[in-house]
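What follows is a short report on a single structure.
Derivation of every value follows stated rules applied to the coordinates shown; laboratory data play no part. Everything numeric in this text was worked out from a predicted model, so none of it was measured. As a convention, Cβ positions derive from the backbone with ideal geometry for all residues, glycine included, and neighbour counts pool all protein chains shown.
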Amino acid sequence: MSDSNRVIIFDTTLRDGEQSPGATMTLEEKLQVAELLDEMGVDVIEAGFPVASPGDFEAVSEVAKLVKNAGVAGLARANQRDIEVAAQAVKNCEKPRIHTFISTSPVHMKYKLRKEPEQVIEMIAESVKLARSLVDDVEWSAEDATRTERDFLCRCVETAIKAGATTINIPDTVGYTVPEEFFEIITMLKERVPGAEKVIFSTHCHNDLGLAVANSLAGVKAGARQIECTINGIGERAGNAALEEVVMAMRVRNDVFPYTTGIRTEMLTRASKLVSAVTGFPVQYNKAIVGRNAFAHESGIHQDGVLKHTQTYEIMKPEDVGAGKSALVMGKHSGRHAFRTKLKELGYELSDNAFEDAFQRFKELADRKKHVYDEDIEALVDENIATAADARKVVTLTVIAGTMGPQTATLTVEEEGRHKTVQASGNGPVDATFNAIKQAFPHEAKLALYQVHAVTEGTDAQAEVSVRLEDREAGISATGRAADPDTLVASAKAYLAALNRLEARKRRVGAGRMQGGETLSEEARRSGP
């Protein structure tokens with residue numbers, strides 16, 4: 001295996017992933033994710049869009065200070081201010097990178113940029129040259145590259161290389177291309193563009209047609225040596241190429257994809273759980289590599305085959321991705337040692353305070369449930385991680401329901417250490433509960449999603465509730481998730497978590513009024529390859 005077959009993993013969970021509606025992370029959550037990505041072996045962490053807001057700038061700066069091994073990239077549009085702010089944000093990193101981009105497709109140039117092709121060429125040259133004068137590692141992206149005219153794309157790439165770019169990214173920004181076409185684009189650029197042999201070509205594929213991973217791997221087969229991806233495949237619209245999927249595809253099918261990465265694959269499940277917890281985005285059960293059912297077998301034929309030899313129905317070992325099956329049976333008589341061991345097997349490392357809180361919640365759950373499954377423990381720990389930093393929390397909830405309405409809810413909440421109790425009625429117990437929260441914390445957000453499912457089987461199963469709230473005037477939304485054996489308690493916690501996140505995002509968008517009087521619109525803030 002030669003060094004020429006080493007694929008750089010560029011993780012953009014903190015930038016493109018966070019642009020998923022409702023996935024905004026706090027600074028502390030971003031640092032948690034960045035630290036894990038660094039430990040896992042990610043080569044480059046795209047920490048954010050520094051010019052977007054003071055919060056984004058701070059996040060990129062703090063990630064740059066925190067990481068020990070990975071490079072840190074800050075995104076910048078093709079203008080002086082963006083690039084200079086990005087350079088300032090990543091300056092404390094051992095391996096700083098500026099990632100600058102501009103649209104190159106006819107539809108983007110005409111309607112988004114309102115620029116002529118020659119103006120775009122000039123902007124590429126000026127922006128890349130400026131970035132290279134500030135850092136040694138400059139990545140340039142042709143936004144909407146796969147819908148760009150081939151001759152013009154070659155000119156743009158040649159211009160970026162001459163101006164000093166070290167990495168050339170070819171994004172499938174709208175998830176439009178297919179593997180054969182993407183292979184041809186990378187091949188064409190490497191063959192036609194002067195100086196192509198001096199730079200690293202990169203893929204950044206979106207999943208609108210479900211082809212992000214396939215397109216990324218096709219790009220690597222054509223000679224690209226960097227893949228831009230996210231944990232759990234989160235990102236704009238249908239998301240990005242999933243880091244865990246591209247990495248394991250190259251590992252399991254090394255005969256077809258003879259490439260290597262620096263990723264410690266046994267940490268993939270742990271990373272997936274952390275990102276799911278901090279964003280509030282549940283991982284679908286049948287998600288490849290890290291889904292709950294990825295190594296589950298219910299069919300009798302499958303069970304028989306796996307018991308005789310695991311390779312009859314498993315193409316990789318669960319422990320290879322950190323999803324090892326535990327033999328521990330957890331219940332109300334389990335002690336701290338057993339619980340801590342179970343958490344480690346499930347991929348969690350908690351601080352002492354967080355562990356004690358999780359243990360007490362586990363004991364309370366065990367007293368209420370006959371069987372406590374792994375999924376129950378994951379649900380209560382994920383909820384604890386996601387809501388630990390929330391300033392507002394549910395303390396107690398009492399609901400009176402039945403055929404003789406109206407239903408009423410009495411709710412006690414905590415805000416910055418102070419308790420407040422309110423009572424409200426509604427058309428059903430859930431409506432009464434949500435009305436009580438509105439009374440405690442008045443707001444105009446609209447309920448866009450209310451979803452309940454049982455974490456495990458049985459009438460004593462925990463209910464896992466997802467709530468999405470929308471502020472239609474501001475054009476933003478946020479998702480909260482919570483689990484509890486009482487569906488109404490879980491509903492209240494999920495609604496309040498969503499409200500906390502929505503208001504945090506509104507503050508962040510408000511802070512996006514740029515330094516120096518420039519205003520960055522939400523549309524521009526969320527732009528990128």
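Using only Cα atoms, find the angle between the long axis of helix 374-387 and the longest principal axis of the chain, and express it within 0 to 90 degrees, rounded to the nearest 10.
70
So for the chain, taking the charge dipole from beta-carbon charges (+1 Lys/Arg, -1 Asp/Glu), which of PHE362, ILE234, GLY210 sits furthest toward the positive end?
Farthest towards the positive pole: PHE362.
Might you report the magnitude of the Cβ-based charge dipole of segment 3-279 about its Cα centre, with Lys and Arg at +1 and Asp and Glu at -1, to the nearest 20 debye? Please list the in-between numbers first.
Working: 31 positive and 42 negative charges, 58 e Å.
Result for segment 3-279 is approximately 280 debye, rounded to the nearest 20.
Name the residue from GLY291, PHE441, VAL381 whose Cα lies farthest towards the positive end of the charge dipole of the chain, charges +1 on Cβ of Lys and Arg and -1 on Cβ of Asp and Glu.
PHE441
Test of understanding: ordering THR398, THR187 by Cβ neighbours within 10 Å, fewest first, what list do you get?
Listing THR398, THR187 from fewest to most nearby Cβ atoms yields THR398, THR187.
For a 27 Å ceiling on Cα separation, which of these pairs sit above it: LYS273/LYS332; LYS129/LYS198; LYS68/LYS221; LYS221/LYS287; LYS68/LYS493? Could you put the intermediate results ahead of the total?
Values: LYS273/LYS332 25 Å; LYS129/LYS198 16 Å; LYS68/LYS221 30 Å; LYS221/LYS287 24 Å; LYS68/LYS493 36 Å.
In this structure, LYS68/LYS221; LYS68/LYS493 lie more than 27 Å apart at Cα.
Which FRET efficiency value, to the nearest 0.05, is calculated for ASN5 and GLU181 with the Förster distance at 25 angstrom and r the Cβ-Cβ distance?
The computed FRET efficiency comes out at 0.60.
Between THR421 and GLU39, what FRET efficiency comes out of the Förster formula 1/(1 + (r/R0)^6) with R0 = 35 Å and r the beta carbon distance, rounded to 0.05? Mind dumping the intermediate values first?
Working: r = 44 Å, r/R0 = 1.25.
The formula returns an efficiency of 0.20 here.
Testing the spin-label approximation: label points 7 Å from Cα along Cα→Cβ at TYR313 and VAL107. State their distance in nm.
Between TYR313 and VAL107, the label points sit 4.3 nm apart.
Quick check for me: using +1 on Lys/Arg Cβ and -1 on Asp/Glu Cβ, what's the dipole size of segment 1-96 about its Cα centre, in debye to the nearest 20? Let's see the in-between values first.
Numbers: 9 positive and 17 negative charges, 60 e Å.
Once rounded to the nearest 20, the dipole reads 280 debye.
In nm, to one decimal, how far is the GLU473 label point from the GLN119 one, both placed 7 Å along Cα→Cβ?
3.5
Enter the angle in degrees (range 0 to 90, nearest 10) between the Cα long axis of helix 117-134 and the first principal axis of the Cα atoms of the chain, meaning the one along which they spread out most.
Its long axis makes an angle of about 80 degrees.
For labels at GLN360 and ARG81 in the simple 7 Å Cα→Cβ model, what's the distance in nm?
According to this spin-label approximation, the distance is 4.8 nm.
Once every DSSP H run of n ≥ 4 in the chain is given -39500 (n - 2.57) and the sum is divided by its residues, what mean residue ellipticity at 222 nm do you get, rounded to the nearest 500 deg cm²/dmol?
Numbers: 16 runs with 206 residues, N = 529.
Dividing the helical sum by the residues of the chain leaves -12500 deg cm²/dmol.
For the chain, I need the span (max minus min coordinate) of the C-alpha atoms along each principal axis, in Å, sorted largest to smallest.
75, 63, 39
Looking only at segment 1-33, which residues have a backbone nitrogen under 16 Å from a spot 7 Å from the Cα of LYS65 in the C-beta direction?
Under cut-off, by backbone N: 27-32.
In the chain, with Lys and Arg counted as +1 and Asp and Glu as -1 at Cβ, which of these residues, ILE185, VAL60, THR410, has the Cα nearest the positive end of the dipole, that is, farthest along it?
THR410
Hey, what angle do you get for helix 27-40 against the long axis of the chain, alpha-carbon based, 0 to 90 degrees rounded to 10?
Relative to the chain, helix 27-40 is tipped by roughly 70 degrees.
For segment 3-279, what number results from the quotient of the Cα radius of gyration and 2.2 N^0.38 Å?
0.92
Only Lys, Arg, Asp and Glu count, each charged at its Cβ (+1, +1, -1, -1), so figure out the dipole size of the chain about its Cα centre, rounded to 20 debye.
400
Just to verify a number: FRET efficiency for VAL395 and ASP431, C-beta to C-beta distance, R0 = 30 Å, to 0.05?
So the FRET efficiency works out to roughly 0.90.
Highest mean first, how do 89-97, 437-445, 54-62 rank when packing is the count of other Cβ atoms within 10 Å averaged over residues?
Working: 89-97: 20.0, 437-445: 15.6, 54-62: 21.9.
Ranking the peptides 89-97, 437-445, 54-62 by packing returns 54-62, 89-97, 437-445.
Which order do the peptides 172-181, 348-357, 204-213 come out in when sorted by mean C-beta neighbours inside 10 angstrom, highest first?
My ranking of the peptides, most packed first, is 204-213, 172-181, 348-357.
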